[in-house]
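Everything below concerns the one structure shown next.
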Amino acid sequence: MKSREDESRSSRSWTRAIKQELQTLGYRNWIVIGDAAFPLHSRPGVRTIFIDDKIPEVLQEVLDELERVQNVTPRIYLARELAEIPNDRAPGIGSYRRKIENSLRGYPAREMEFRSLSLLLEDSANKFTVLVFKTSTALPYSGIFIELDSGYWDPESERDMRERLEKKLRIEST
C-alpha cells in the first residue's frame, strides 16, 4: 500500500526528471534549485529545467536522490542575504527559511554572498555541467546552490593519499 508521501511524489512528474538528471552528475558538478527569477544562462555548460513546484519540495527530492545514488555528496550553499531579509519586505520569507531548515534534514549549509555564488557557478560552467532546476518560488535570494563532491572519497582520504605520494616521491628522489 502506498503512503501519502509516495502518492504525492508520484503525482509530481518532475521527480522523474530529477532522477534521470542526477544519475549523470559527478563531483565538481553543481545543482541550483533556483527561484522564479533565476536567470536562464546561455553557457553551453548550464542546463535549465523548469519545475512547477516550490524550492523546499524540490530540495527534498534532490537530497533523497543524492542519498540513493551515493556516488556524490552535497555541499550546500545558501545566499547570505537570505537571513537578512525581513518578513515585511518579503512576506513568507520567515516561513520559507524554516521550511528550508527542515528540508535540509541536518545537512550543513554554508552561507556566501549571492554574487560570490554566481561567480562560482560561472567559473564551474566553463569546465563542468551546472544543472538548474528553476522553480515557482517567488522570494528574493531563496535559491539553493549544491556543489557535488565524491560520495566515496572524502577530502581527508585525499589529503592522506597525497601526503603518502609526496613522501614516496621524496624517498625515491634521494
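Since every read-out is calculated from the coordinates, none of them should be taken as a lab result. Since the structure is predicted, the reported quantities are computational estimates derived from the model, not experimental observations. Every residue, glycine as well, gets a Cβ built from its backbone with ideal geometry; the counts of neighbours run over all protein chains shown.
Taking amide hydrogens as modeled 1.01 Å from N in the peptide plane, which residues meet the under 5 Å criterion relative to VAL132, leaving out close sequence neighbours?
VAL32, ARG47, THR48, ILE49
Return the calculated 222 nm mean residue ellipticity for the chain, to the nearest 500 deg cm²/dmol, obtained by summing -39500 (n - 2.57) across DSSP H runs with n ≥ 4 and dividing by the residue count.
Per the formula, -13500 deg cm²/dmol.
If the cut-off is 13 Å between C-alpha atoms, which aspartates and glutamates fall inside it for LYS54, apart from same-chain ones fewer than 8 positions away?
Here the aspartates and glutamates satisfying the reach criterion relative to LYS54 are ASP35.
Counting other C-beta atoms within 10 Å, which of GLU166, GLU61, GLU21 has the fewest, and how do the rest follow?
Ranking GLU166, GLU61, GLU21 by Cβ neighbours within 10 Å, fewest first, gives GLU166, GLU21, GLU61.
Which whole-Hz ³J(HN,Hα) couplings does segment 23-37 yield from phi under the Karplus relation 6.51 cos²θ - 1.76 cosθ + 1.60, θ = phi - 60°, glycine and proline marked x?
5, 8, 7, x, 5, 6, 7, 10, 10, 10, 9, x, 7, 4, 8
Sort MET161, MET112 so the one with the fewest other Cβ atoms within 10 Å of its own Cβ comes first.
MET161, MET112
Based on the alpha-carbon gyration tensor of the chain, what equivalent-ellipsoid semi-axes (square roots of 5 times the eigenvalues) come out, in whole Å, largest first?
Gyration-tensor ellipsoid for the chain: 32, 20, 16 Å.
Calculate one ³J(HN,Hα) per residue across segment 123-134 by plugging θ = phi - 60° into the Karplus curve 6.51 cos²θ - 1.76 cosθ + 1.60, and present them in order as whole Hz with x for glycine and proline.
5, 5, 5, 5, 10, 9, 6, 10, 9, 10, 9, 8
Restricting the count to DSSP beta bridges whose residues both fall in the chain, what percent are antiparallel, rounded to a multiple of 5?
Taking every DSSP beta bridge within the chain, about 45 percent pair in antiparallel fashion.
How big is D, in µm² s⁻¹, for segment 105-174 by Stokes-Einstein at 4 °C and 1.567 mPa s if Rh is the Kirkwood radius over C-alpha pairs?
Approximately 81 µm²/s, per Stokes-Einstein.
In what order do LYS99, LYS167 fall by count of nearby beta-carbon atoms within 10 Å, going from fewest to most?
Starting with the residue having the fewest Cβ neighbours, the order is LYS167, LYS99.
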